[in-house]
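As structure tokens, the structure follows; a few thoughts come after it.
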Amino acid sequence: MAQNTPLNTEKPTRNIYQFGEASEIALATKNLHVFYGNNEALSEGDLQFERYKITSLIGASGSGKSTFLRSLNRMNDNVATVKGEIMYRGLDINSRAVDVYEMRRHIGMVFQRPNPFAKSIRDNITFALKQRGMKDKEQLDAIVESSLRQAALWDQVKDDLGKSALALSGGQQQRLVIARAIAMKPDILLLDEPASALDPISTSQIEDTLLELKEKYTIIIVTHNMQQAARISDYTAFFHMGKVLEYDETRKIFTRPKVAITNDYISGNFG
Ligand SMILES: Nc1ncnc2c1ncn2[C@@H]1O[C@H](COP(=O)(O)OP(=O)(O)O)[C@@H](O)[C@H]1O
Ligand SMILES: [Mg+2]
């Protein structure tokens, strides 16, 4: 049976139950199982995500990547049954003590298809902030600018902030959605194939943006594009039939994977 590879065998093992804000582990799952009805779509999902790193989740279609990712900020509530632990700052995010909306400010999600609101560029970013009671125009303007700058969109839209977000190109919309997530000042950004609907130039811009964002955020990205995983991620987890078969530094996964099925997948033999 395949074994999960420890994240990093050179470093001492950390006790995931004790990690706190200062720890290098931003998020950890323990014995995660996800069921759609009776169908177990994910089993044995044990991963630790290192702070300020990009971790890619790869694997064939249907292997459970999105199921896993969506569990990390409770997008599977009311859709699936999630068992096991998802530890964030010493708390299980599924515990009753956790306010799901507050938690999603810390753990933000960007989906495959850009989903800007049918509002202006500015309002896309300020909407949630205003809902939370922020009224100060200068403060809102400052967040609009800094979020758009971090998402590498500011220079292109700064004179058109009142324009509808729906008038932007697909790649610009995806960067706006990233800016919208950043405006909430999250710790962790989850992205589910964020570039799969985009052309190669927009894809490369998104990749550059993510590489800059990892200075400040912990990034977990599902991608079916193995070159993308190899280009941008520090760690890669390989999913196969609802299990994490291998998890290691990206360069190891792509040069000398330990599990034969991983090698088959990255060699393009299935998927
Ligand atoms: N909302 C859902 N309801 C029922 N089954 C689902 C749902 N979403 C995903 N599945 C099933 O769970 C398994 C894993 O799917 P998914 O996590 O989407 O895989 P991936 O993202 O790796 O392509 C598949 O068998 C899929 O059909
Ligand atoms: Mg998916």
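The values are calculated or read from the model by the stated rules, or taken from the named source; none is laboratory data. Owing to the predicted nature of the structure, the values given are computational and were not obtained by experimental measurement. Positions of Cβ are backbone-derived with ideal geometry, glycine not excepted, and every protein chain shown enters the neighbour counts. Keep in mind that these areas ignore ligands, DNA and RNA; they rest on the heavy atoms of the full protein, side chains included. Shrake-Rupley method; radii C 1.70, N 1.55, O 1.52, S 1.80 Å.
Does G170 qualify as being surrounded by fewer than 15 Cβ atoms within 10 Å (Cβ to Cβ) and within 26 Å of L72 (Cα to Cα)?
yes
Give the stretch 27-41 a look and list any residue that's in a strand (DSSP E or B) and either of a type outside the set (G, A, S) or out of contact with any Ser or Thr (no Cβ under 8 Å at 6 or more places or on another chain) (or both), or say none.
Selection gives L27, A28, T29, K30, N31, L32, H33, V34, F35, Y36, N39, E40.
Scan the stretch 228-271 for residues that are in a loop (DSSP other than H, G, I, E, B), surrounded by 15 or more Cβ atoms within 10 Å (Cβ to Cβ) and under 21 Å from the mean Cα position of the chain (by Cα) and report the count.
So the count comes out to 3.
What tally of residues in the stretch 42-73 results from selecting those that are open to solvent by less than 40 Å² (accessible area, probe 1.4 Å) and on the phi > 0 side of the Ramachandran plot?
Looking only at that region, the number is 2.
Going by the conditions given, is V222 within 16 Å of ligand 1 (Cβ to nearest atom), modelled with pLDDT of 95 or more and either over 14 Å from the mean Cα position of the chain (by Cα) or not polar (S, T, N, Q) (or both)?
Criteria met by V222.
So which residues in the stretch 211-227 are open to solvent by less than 10 Å² (accessible area, probe 1.4 Å) and within 29 Å of H33 (Cβ to Cβ), if there are any at all?
Selection gives T218, I219, I220, I221, V222, T223.
From the set of residues in the stretch 186-205 that are closer than 24 Å to F49 by Cβ and assigned to a loop (DSSP other than H, G, I, E, B), which is nearest to ligand 1 (Cβ to nearest atom)?
Here the residue is E193.
Find the strands (runs of 3 or more DSSP E) located wholly in the stretch 50-131 whose residues include 2 or more that are more than 25 Å from Y36 (Cα to Cα) and either away from ligand 1 (no atom under 11 Å from the Cβ) or aliphatic (A, V, I, L, M) (or both), and list them.
Passing ranges, in order: 54-59.
Does I125 satisfy the condition of being within 17 Å of A181 (Cα to Cα), surrounded by 14 or more Cβ atoms within 10 Å (Cβ to Cβ) and in contact with an Asp or Glu (Cβ under 9 Å, 6 or more places away or on another chain)?
It is false that I125 is within 17 Å of A181 (Cα to Cα), surrounded by 14 or more Cβ atoms within 10 Å (Cβ to Cβ) and in contact with an Asp or Glu (Cβ under 9 Å, 6 or more places away or on another chain).
Restricting attention to the stretch 111-122, and to residues there that are of a type outside the set (A, V, I, L, M) and within 13 Å of L148 (Cβ to Cβ), which single residue is surrounded by the most Cβ atoms within 10 Å (Cβ to Cβ)?
That would be P116.
Return the pair list, or none, for Cβ contacts closer than 9 Å from residues in the stretch 246-265 that are over 13 Å from A229 (Cα atoms) to residues that are open to solvent by 30 Å² or more (accessible area, probe 1.4 Å) and aromatic (F, W, Y), at least 6 apart or on different chains.
I261/F270; D264/F270
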